[in-house]
1. If you plug each phi of the stretch 66-71 into the Karplus form 6.51 cos²θ - 1.76 cosθ + 1.60 with θ = phi - 60°, what whole-Hz ³J(HN,Hα) values come out, in order, with x for Gly and Pro?
2. So if each residue of separation counts as 0.36 nm, and I subtract the Cα-Cα distance between Arg35 and Gln107, what length gain in nm does that give?
3. Any idea what the relative contact order of the chain is, in percent, if you count C-alpha pairs under 8 Å spaced at least 6 apart?
4. Pull up all non-local amide H partners of Gln107: gap of 5 or more, or a different chain, and H-to-H distance under 5 Å with H placed in the peptide plane.
5. Express in nm, to one decimal, how much length is gained between Arg55 and Arg74 on full extension, taking 0.36 nm for each residue of separation and deducting their alpha carbon distance.
6. Could you list which residues have their amide H under 5 Å from that of Phe87, counting only those 5 or more apart in sequence or on another chain, with H placed in the peptide plane?
7. Given the options Ser48, Ser25, Ser137, state which has the largest fluctuation in a GNM of the chain using a 10 Å cut-off (strictly under) for Cα springs.
Amino acid sequence: MNNINMNTVGNEKTKGMLIVVSGPSGSGKGTVIKRLLEKRPEIYLSVSATTRPKRENEEDGVHYYFMNKTEFERKIKAGEMLEHAVFAENYYGTPASYVLERLENGQNVLLEIEVDGAGQILTKYRDALTVFISPPSMDELRRRLQKRGTENERMIQKRTKIAFREMRERGNYDYIVINDDLERAVTEIENIIFKPN
Ligand code: 5GP
């Protein structure tokens, strides 16, 4: 990984667009983002690092860079993370070099990150575009979280609690997109990102 001095970044305007998308577990943000990226190949997704165990359908380097806590903490210390946060007992973070290189090339980069990380990004990049993907209702959110087969009961409870906390932060984002219909939500985000000035 390149050794990039974060102090040179500050609040400089980025050449490419930095797009931050958050939303609670159960908002369907993963599906929305996947569809958005299919339609808009000019948006580059940053692959995050995490200490969470890999799920069966996930691939290292594609869905996440999976690593242990020691390695993650070493990267934080070395300044290799653009932002990082603890979510449901695990570290998650954005490797800096990929994002900074793309932005410097004038390319658009999308970060799919939780609310604390989004706050850190905004303090560094005031121009970042922030979008919060919301489920249609709290009841629907609860239903979706219960249905998830990827976590055990304790983790479902934990993620539900975090989801409700995250929902309370949605007002801090530039835009809130309600995921009631996949194609509609994706079109709405496209319009937000590519709106004529
Ligand atoms: P999951 O374990 O379901 O893949 O992700 C849990 C949460 O971590 C999601 O809200 C996801 O958006 C967030 N997340 C994924 N990557 C990052 C990252 O690099 N930084 C931060 N702050 N959050 C992340």
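We did not get these values from a lab; they are worked out from the coordinates using the rules stated. What you see is a predicted model, and the numbers here were worked out from it, not measured in a lab.
1. Values per residue, Gly and Pro as x: 8, 8, 7, 4, 4, 5 Hz.
2. On the way: separation 72, 0.36 × 72 = 25.92 nm, distance 1.88 nm.
My answer for the length gained is 24.0 nm.
3. Numbers: 308 pairs, mean separation 65.1, N = 197.
Rounded, it is 33 percent for the chain.
4. Gly16
5. Working: separation 19, 0.36 × 19 = 6.84 nm, distance 2.37 nm.
Full-extension gain reported as 4.5 nm.
6. Amide H to amide H, under 5 Å and 5 or more residues apart or across chains, Phe87 pairs with Tyr92.
7. With Cα springs under 10 Å in the chain, the top fluctuation among Ser48, Ser25, Ser137 is at Ser137.
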